[in-house]
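Student: Have a look at this one before I ask anything.
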Amino acid sequence: MEVKKDMGRKPETISVNTEYKNFPMVPRVVFGRGSFDQLGAILMPRRKHSEAPFIFLVDDVFENTELAKRIPLIFNDQIIFISAEEEPKTTQVDVLVDKIKSEFGDLPSGIVGIGGGTLLDLAKAVAILLTNKGSSSDYQGWDLVHKPAVFHAGIPTISGTGAEVSRTTVLLGPEKKLGINSDHTTFDQVLLDPDLTQGVSKEQWFYTGMDCYIHCIESLTGTYLNAFSQSYGEKALELCKEVYLGSLSPEESRDKLMMASWHGGMSIAYSQVGVAHAMSYGLGYLLGVKHGIGNCLVFQHLEEFYPEGVALFHEMRQKHGIALPQGVCANLSDADFETMISVAMNMVPLWENALGKNWRETITPEKLRSIYEKI
């Protein structure tokens, strides 16, 4: 058969719509009670060779516990216990990266974070900085990371932050509290074992779970909302209501809150959070207030923006007898308020999601100060 070629034909101009972002998702996830015992088998195919260890970054509350003994160490694997009392810092990431590079000739086979949002965010950030030059503070922002991270896995031991599924790792830097938001941040592997969340204090269980709940409220009421975000946000919200207002068994509660955290994290992949998160970054940066409780401290005063969500929050808080701290901002100077306001107002995508492109017509330094003064 003769094939005719039209050599004089000009190629058509193809219009490409780049409006939609091509977000990464966690490619592999294990869910189930007791699944932590599969960790060794899961990591084995990822081992490069015996001199390239796995580094386990683990919340120091697990030091000298049964969980620590169950971590599958072989060859020259190493556990680094880290306190989660403070929010993760860029300086902390840089020190960990320098330590790992100086102790081992080759890059590790991978980084595994075991703990709450602080440890998961540290694991993601360390994995990125092992292959990208400079300080972690250089990458705070959106899509600044260009080289893939080393393999990294996340194992949450508390549910709510969504850090296990998100494409960001939020760090306190020298000038701001801001995430490393990139396609290389997302975990390569997540292991969800609800049994690992046993023993969490009631207050911590509430504050971290409310981080998930507030994710949902801010995503579902935001201007960025779309069917993708809505489907995940509605499911997470339904699960939060079951956990905090229903009458589930402890086992069911752990299972469902872990999945609420997953869906809540996914709900902001194609959306954003809003007012509470923006303002809690100010509290975290200046005062070191941890993320979950910071969101609660702000959210309780946001009836103007989220009337139904705040009413339900107070119902949950009262049911579980949670008393929020008082007077957190009572003795701050004008300069302190200005610092918090500056950090909060720099979270432009969050404000746009909450209030639209003209958000500055509503949100002024005076407005933010009036809310901070109530905390």
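Student: Going by a ≥ b ≥ c, the root eigenvalues of the Cα gyration tensor, does segment 300-375 fall in the rounded group (a/c under 1.5), the prolate group (a/b larger than b/c) or the oblate group?
Tutor: In terms of gyration-tensor shape, oblate.
Student: May I ask you to derive the FRET efficiency for Glu303 and Lys99 from their Cβ-Cβ distance with R0 = 35 Å, giving the value to the nearest 0.05?
Tutor: 0.15
Student: Using 0.36 nm times the number of residues separating Glu251 and Lys147, minus their current alpha carbon distance, what extension gain do you get?
Tutor: Working it through step by step, the gained length comes to 33.4 nm.
Student: Please list His146, His49 from largest to smallest accessible area, probe radius 1.4 Å, with all protein chains kept in place.
Tutor: His146, His49
Student: Could you derive backbone 3J(HN,Hα) for segment 255-271 from the dihedral phi with the Karplus parameters 6.51, -1.76 and 1.60 (θ = phi - 60°), listing whole Hz in sequence and x where the residue is Gly or Pro?
Tutor: Each residue of segment 255-271 in turn: 4, 6, 5, 5, 6, 4, 4, 4, 5, x, x, 5, 5, 9, 4, 9, 9 Hz.
Student: Where does each of Arg254, Arg28, Arg70 land when they are ordered by accessible area, with a 1.4 Å probe and the largest first?
Tutor: Arg28, Arg70, Arg254
Student: Let me ask another. Would you please give the residues with an amide H less than 5 Å from that of Leu192, counting only those at least 5 places away or on a separate chain, with H modeled from the backbone geometry?
Tutor: Result for Leu192 returns Val30, Phe31, Gly32.
Student: So what is the relative contact order of the chain, in percent, for Cα pairs below 8 Å that sit 6 or more residues apart?
Tutor: Working: 676 pairs, mean separation 55.0, N = 375.
About 15 percent, as a whole number.
Student: Compute the Cα gyration tensor for segment 14-146, then decide on rounded, prolate or oblate, letting a ≥ b ≥ c be the square roots of its eigenvalues: rounded whenever a/c is under 1.5, prolate when a/b is larger than b/c in the other cases, and oblate in all that remain.
Tutor: prolate
Student: Please list, in order along segment 102-107, the HN-Hα scalar couplings obtained from phi with the Karplus expression 6.51 cos²θ - 1.76 cosθ + 1.60 (θ = phi - 60°), rounded to whole Hz, x for Gly and Pro.
Tutor: 6, 8, 10, x, 10, 5
Student: Let me confirm the definition first: pairs of Lys residues in segment 244-374, 8 or more apart or on different chains, C-alpha distance under 28 Å. How many are there?
Tutor: Lysine pairs meeting the criterion: 8.
Student: Quick one: what are the phi-derived ³J(HN,Hα) couplings along segment 341-355, Karplus 6.51/-1.76/1.60 with θ = phi - 60°, whole Hz, x for glycine and proline?
Tutor: 5, 5, 4, 5, 6, 6, 7, 4, x, 5, 5, 5, 5, 5, 10
Student: Please identify the trypsin sites (Lys or Arg not before Pro) of segment 91-182 that satisfy two criteria: DSSP loop assignment and at most 15 other Cβ atoms within 10 Å. Which are they?
Tutor: Numbers: sites: Lys99, Lys101, Lys124, Lys133, Arg167, Lys176, Lys177; in loops: Lys133, Arg167, Lys176.
Answer in residue order: Lys133.
Student: Related question: Roughly speaking, to the nearest percent, how much of the chain's 1.4 Å accessible area is carbon and sulfur?
Tutor: That fraction is 50 percent.
Student: Along the Cα→Cβ direction, 7 angstrom out, place labels at Glu175 and Glu338. What is the inter-label distance in nm?
Tutor: Modelled inter-label distance: 1.7 nm.
Student: While we're looking at this one, here's another question. Can you tally the net charge around Trp351? Count Lys and Arg as +1, Asp and Glu as -1, for every other residue whose Cβ sits under 13 Å from the Cβ of Trp351.
Tutor: 0
Student: First measure r as the distance between the Cβ atoms of Arg70 and Phe31, then evaluate 1/(1 + (r/R0)^6) with R0 = 22 Å and state the FRET efficiency to the nearest 0.05.
Tutor: With R0 = 22 Å, the Cβ-Cβ based efficiency is 0.80.
Student: Still on this model: Once each part is reduced to its C-alpha centroid, what is the distance from segment 133-167 to segment 186-245 in angstrom?
Tutor: Centre-to-centre distance over Cα atoms comes out at 19 Å.
Student: Per residue, what accessible area does the chain have, given a 1.4 Å probe and all protein chains present, in Å²?
Tutor: 46
The values are calculated or read from the model by the stated rules, or taken from the named source; none is laboratory data. It should be emphasised that the depicted structure is a prediction, and the values quoted were computed from it without experimental measurement. Here Cβ is always computed from backbone atoms with ideal geometry, including for glycine, and neighbour counts include all displayed protein chains. Accessible surface is based on the protein model in full, side chains and every heavy atom, while ligands, DNA and RNA are left aside. Shrake-Rupley method; radii C 1.70, N 1.55, O 1.52, S 1.80 Å.
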